[in-house]
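The values are calculated or read from the model by the stated rules, or taken from the named source; none is laboratory data. All figures in this text were calculated on a predicted structure; none of them were measured in a lab. Note that we place each Cβ from the backbone using ideal geometry, even for glycine, and neighbour counts take in every protein chain shown. When the accessible area is computed, the model is the full protein with side chains, heavy atoms only, and any ligands, DNA or RNA have been set aside. Shrake-Rupley method; radii C 1.70, N 1.55, O 1.52, S 1.80 Å.
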Amino acid sequence: MPHPAGDRHAKKTAAAVLQFQTRAGLKADGVVGPKTWSKLTALTVRRGDKGHAVKAVQVQLALKADGVFGKKTQAAVVAFQKKRNVKGDGVVGPKTFNALITGSVAAKPKPVVRGYSLEFSKNWKYPTYSKLSLVRDGKVLKSWRAGSGMGSTDECASERDWLPSGAYKVQAHFTNRDGKAIKGYAIQLPNKTCRPKAGTKQQPVERTDLFIHSEMTHNGGQGKDNPNRDDADVWENANDYKSLGCIKLTPTDIKDLFKRLDQARWPKNLTLYVS
């Protein structure tokens, strides 16, 4: 069950995103998609600035969202930057915006993977605002909002939460899968053993039935929307980003991903990297 405080924060985040999109002349859908992402992370705001971009920063930092970049906001930004290994100058530029949105921590550059690959970047703070990217030779071709799990960030909760970090060689892909829970467009991943952190009492867990998928009928369409019921074959709202341990995209986004991989002829040894 979602935590009430998390729900309130998610609503504030969505409201801040809507205001920013309206101000930036984008489609106001409350979703941080590629266009919103590029606009937001291209900004720089600092002490003395005002507006919706400042409010978006304040929402992410759990501050009073008054849209005024004052002393308290600057101090919170500096503290956040130090935690995320970003230069602690109190200025919210592209790197800091990216860290605020994704929850990612700056790290040493990773070796460039040659050819096509998939990357799932976990948003530890807001799991349903995670990101799946199609990458070629280290360059991101396109990213989509994605979710994984039911809201917890436990990688070892079998059939429930985060897809464990690591590499997954894609096993198969379908446009008309007719499984019990996974239907339509789906990318099948291998099983993964989740190894708990040292010092915990948890035992290794074998995670099975892992996919990148959406909510649709077996032929890739949308079923009948029944009011007041969560339909497994209809994408109804942002709550559908939650999953039993898989990665989920909207029907439109997973079809876009398939179209691009079709054009690339579904590269052999296509691998998903989860971090």
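Of everything in the range 134-169 that is farther than 29 Å from Gly223 by Cβ and outside any loop (DSSP other than H, G, I, E, B), the residue that is most open to solvent (accessible area, probe 1.4 Å) is Lys139. Condition check: within 24 Å of Asn123 (Cβ to Cβ), in a loop (DSSP other than H, G, I, E, B) and in contact with a Pro (Cβ under 9 Å, 6 or more places away or on another chain). Does Glu215 satisfy that? Yes; evaluated as a whole, the condition is true for this residue. No other residue among Lys108, Lys55 is open to solvent by 70 Å² or more (accessible area, probe 1.4 Å) and either under 30 Å from Asp137 (Cα atoms) or at pLDDT 80 or above (or both) apart from Lys108. Taken over the range 204-223, the residue count meeting the criterion of being modelled with pLDDT of 90 or more and out of contact with any Cys (no Cβ under 9 Å at 6 or more places or on another chain) is 10.
Taking the range 189-203 as the search range and keeping residues that are open to solvent by less than 50 Å² (accessible area, probe 1.4 Å) and touching a Cys at 6+ places or on another chain (Cβ under 9 Å), which one is modelled with the highest pLDDT?
Looking at residues that are open to solvent by less than 50 Å² (accessible area, probe 1.4 Å) and touching a Cys at 6+ places or on another chain (Cβ under 9 Å), I get Leu189.
Could we say that Leu43 is outside any helix (DSSP H, G or I), modelled with pLDDT under 85 and more than 25 Å from Asn237 (Cβ to Cβ) here? Spelling it out, Leu43 is indeed outside any helix (DSSP H, G or I), modelled with pLDDT under 85 and more than 25 Å from Asn237 (Cβ to Cβ).
Condition check ((1) more than 18 Å from Thr153 (Cα to Cα); (2) under 15 Å from the mean Cα position of the chain (by Cα); (3) among the hydroxyl-bearing types (Ser, Thr, Tyr)) across all residues:
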site: Ile212; (1), (2), (3): no, yes, no
site: Asn219; (1), (2), (3): yes, no, no
site: Lys224; (1), (2), (3): yes, no, no
site: Asp231; (1), (2), (3): yes, no, no
site: Glu236; (1), (2), (3): yes, no, no
site: Asp240; (1), (2), (3): no, yes, no
site: Gly245; (1), (2), (3): no, yes, no
site: Thr250; (1), (2), (3): yes, yes, yes
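Scanning the range 113-133 for residues that are assigned to a strand (DSSP E or B), more than 11 Å from the chain's Cα centre (by Cα) and of a type outside the set (A, V, I, L, M) yields Tyr116, Ser117. Taken over the range 216-268, the residue count meeting the criterion of being touching a Gly at 6+ places or on another chain (Cβ under 7 Å) and of a type in the set (A, V, I, L, M) is 2. Within the range 18-31, being modelled with pLDDT under 70 and either in a helix (DSSP H, G or I) or open to solvent by less than 20 Å² (accessible area, probe 1.4 Å) (or both) holds for one residue alone: Gly30.
Pull up the range 134-167, narrow it to residues that are under 10 Å from the mean Cα position of the chain (by Cα) and not aromatic (Phe, Trp, Tyr), then point me to the one that is modelled with the lowest pLDDT. Here the residue is Ser148.
Set side by side, the residues Ala172, Ala232, Ala186 differ, and just one is modelled with pLDDT of 90 or more and surrounded by fewer than 17 Cβ atoms within 10 Å (Cβ to Cβ), which is Ala172. Can you find even one residue in the range 238-258 that is over 24 Å from Tyr168 (Cβ atoms) and in a loop (DSSP other than H, G, I, E, B)? Scanning the range 238-258 turns up no residue that is over 24 Å from Tyr168 (Cβ atoms) and in a loop (DSSP other than H, G, I, E, B). Applying the condition of being modelled with pLDDT of 95 or more and among the acidic types (Asp, Glu) to the range 235-275 and asking which residue is surrounded by the fewest Cβ atoms within 10 Å (Cβ to Cβ) yields Asp262.
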